[in-house]
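The values are calculated or read from the model by the stated rules, or taken from the named source; none is laboratory data. These numbers were taken from a predicted model, which means no experiment stands behind them. Glycine gets a Cβ as well: all are built from the backbone with ideal geometry, and neighbour counts include every protein chain shown. Accessible surface is based on the protein model in full, side chains and every heavy atom, while ligands, DNA and RNA are left aside. Shrake-Rupley method; radii C 1.70, N 1.55, O 1.52, S 1.80 Å.
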Amino acid sequence: MAASKSPDQGLAAVLQVLRGAAAAISGEYLAGELGLSRAAVWKRVHRLKAQGYVIEGSPRKGYRLLAVPDKLLPEEVLEGLKTRVFRGPVHHFETLNSTNDLAKELAAQGAPEGAVVVAEAQTGGRGRLGREWNSPPGVGLYVSLVLRPMLPPMELPQITLTTAVAVVRAVRRVAGLAPGIKWPNDLLLNGKKLGGILTEMETESDRIRYVVVGLGLNVNNSGFPPELAATATSLALAAGGTFSRVHLLRAWLEEFEELYVRFLNQGFPEILEEWKCATVTLGRAVTVRQGPREISGQALDVAPDGALLLRTASGEMVRVTSGEITPGSGAEPGV
Ligand code: BTN
């Protein structure tokens with residue numbers, strides 16, 4: 001596990017001064033501003049350069065920030081982030097097995113609500129129903145967020161649906177594209193999979209101890225492995241241009257926090273309405289696979305607890321709480 005720094009006040013402070021400067025600033029000035037020695041400033045500049053920041057430094061003129069790396073570094077994610085609770089600590093890694101796995105470990109050790117684990121690449125990214133999540137370096141968003149809602153475990157599906165609404169909002173805001181949600185929380189564009197959410201929880205005596213919400217979003221992928229090529233897409237493929245993963249992550253944290261607070265204070269109805277506006281599942285003929293079992297029917301509605309309501313050919317109403325949806329006979333792709 002190659003961890004870059006977890007939030008480092010010193011680095012963030014140097015960066016903040018460099019970002020705010022219109023011209024090069026001397027090491028002496030930086031040292032004075034931050035109450036550090038010039039050697040300490042030099043060390044921090046060196047560490048920032050090692051992370052990929054392009055900082056011009058000359059003994060005569062001083063330091064100037066020329067470019068920031070295209071990485072989900074804590075200092076970038078937290079810059080200008082308008083959240084109160086979903087703001088870290090942000091744990092950033094070049095490569096991880098799975099951000100959800102580490103987030104669960106950290107949560108079990110007491111990580112606070114709002115802790116974030118983010119990786120540039122995953123070697124064992126996991127999807128729902130035991131599938132793999134394709135996680136190549138530097139192009140996708142692979143992020144997990146720790147939540148500690150004071151709720152009974154049966155309310156988890158509502159948190160999962162809320163997460164998907166936050167992704168739709170974030171993608172609209174940053175990329176100007178409107179993904180559809182396939183029940184319960186797959187994100188689709190043009191009928192192909194753009195992203196997915198893996199929600200996992202630990203409970204104690206009928207209460208949630210923690211939830212880890214893992215989001216995988218295909219952002220700047222220019223292609224996919226052959227087995228995914230027909231069914232997966234990315235924002236870049238859909239829009240013909242690349243997008244900032246940092247902006248998308250910030251937007252998701254902001255939108256999700258707003259919705260999560262609303263869910264805790266006012267319940268789920270309004271969020272469910274927004275979910276319904278974005279879904280591509282309702283009104284379609286679908287088949288739900290639950291292991292060896294299959295149920296086919298018309299997807300009529302989603303119940304207040306997040307369950308999908310199907311009407312089968314025999315007219316029976318069935319509540320579905322888990323499973324994988326595929327188009328039923330006569331349905332269009334992407335249901
Ligand atoms: C799905 O659609 O099946 C859910 C995919 C979730 C993938 C994300 S990537 C970040 C987090 N870490 C994981 O191992 N999985 C989730």
Original post:
Of all residues in segment 120-134, how many are in contact (Cβ under 8 Å) with a residue 40 or more places away in the chain and either near the ligand (Cβ under 9 Å from one of its atoms) or assigned to a loop (DSSP other than H, G, I, E, B) (or both)?
Top reply: 7
Subject >> Complete set of residues in segment 77-95 that are open to solvent by less than 10 Å² (accessible area, probe 1.4 Å) and not in a loop (DSSP other than H, G, I, E, B) >> reply: V77, V90, H92
Subject >> One residue from A299, A251, A230, A285 being touching a Lys or Arg at 6+ places or on another chain (Cβ under 6 Å) and over 23 Å from V212 (Cβ atoms) >> reply: A299
Original post:
Which one of these is open to solvent by 10 Å² or more (accessible area, probe 1.4 Å), within 14 Å of the ligand (Cβ to nearest atom) and modelled with pLDDT under 95: P157, P184?
Top reply: P184
**OP:** Look through E113, E200 and report the one residue that is in the same structural domain as E94 (by TED's automatic domain parsing), within 14 Å of the ligand (Cβ to nearest atom), touching a strand residue (DSSP E or B) at 6+ places or on another chain (Cβ under 8 Å) and outside any helix (DSSP H, G or I).
**Re:** E200
**OP:** For A103, state whether it is within 14 Å of the ligand (Cβ to nearest atom) and either closer than 24 Å to C277 by Cβ or in a helix (DSSP H, G or I) (or both).
**Re:** yes
Subject >> Flag for G240 being among the small types (G, A, S), at pLDDT 95 or above and under 29 Å from L81 (Cβ atoms) >> reply: no
**OP:** Could you list all residues from segment 271-298 that are touching a helix residue (DSSP H, G or I) at 6+ places or on another chain (Cβ under 7 Å) and open to solvent by 50 Å² or more (accessible area, probe 1.4 Å)?
**Re:** E274
**OP:** Mind listing whichever residues of segment 275-299 are assigned to a strand (DSSP E or B) and over 16 Å from I181 (Cβ atoms)?
**Re:** A285, T287, R289, Q290, R293, E294, I295, S296, G297, Q298
Original post:
For segment 203-213, how many residues meet the condition of being away from the ligand (no atom under 16 Å from the Cβ) and either surrounded by 13 or more Cβ atoms within 10 Å (Cβ to Cβ) or farther than 17 Å from V146 by Cα (or both)?
Top reply: 5
Subject >> Lone qualifier among L253, L264 - being farther than 16 Å from R172 by Cα and part of a helix (DSSP H, G or I) >> reply: L264
Original post:
Taking interchain pairs and intrachain pairs at least six residues apart, which have beta carbon atoms under 6 angstrom, with the first residue in segment 136-155 and outside the structural domain of V219 (by TED's automatic domain parsing) and the second within 13 Å of the ligand (Cβ to nearest atom) and among the small types (G, A, S)?
Top reply: none
Original post:
In segment 300-324, how many are touching a residue at least 12 places away in the same chain (Cβ under 8 Å) and in a strand (DSSP E or B)?
Top reply: 11
